[in-house]
Amino acid sequence: TAEHVNFGLIGARKELPSLQRLLTHLDTALEELEKIAATSTT
């Protein structure tokens with residue numbers, strides 16, 4: 001069975017104007033993690 005991890009990001013534009021950029025980096029890191037997990041053995 002597949003496991004799922006869900007993320008939600010909430011931030012005020014004034015305090016965290018780069019929330020979209022943070023989301024982009026998170027997405028990239030998760031893609032890298034998926035590639036590593038797919039090649040590893042248990």
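Computed from the coordinates by the stated procedures, all read-outs in this text should not be read as laboratory data. Predicted, not measured: the structure shown is a model, and the values here were computed from it. Virtual Cβ from ideal backbone geometry, glycine too; neighbours counted across all protein chains shown.
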Return yes or no: is Glu15 of a type in the set (D, E, K, R) and under 13 Å from the mean Cα position of the chain (by Cα)? no
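Results for (1) surrounded by fewer than 10 Cβ atoms within 10 Å (Cβ to Cβ); (2) out of contact with any Lys or Arg (no Cβ under 8 Å at 6 or more places or on another chain); (3) of a type in the set (Asp, Glu); (4) in a loop (DSSP other than H, G, I, E, B), shown as yes or no for each residue.
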residue: Glu3; (1), (2), (3), (4): yes, yes, yes, yes
residue: Asn6; (1), (2), (3), (4): yes, yes, no, yes
residue: Gly11; (1), (2), (3), (4): no, yes, no, yes
residue: Leu16; (1), (2), (3), (4): no, yes, no, yes
residue: Thr24; (1), (2), (3), (4): no, yes, no, no
residue: Thr28; (1), (2), (3), (4): no, yes, no, no
residue: Leu33; (1), (2), (3), (4): no, yes, no, no
residue: Ala38; (1), (2), (3), (4): yes, yes, no, no
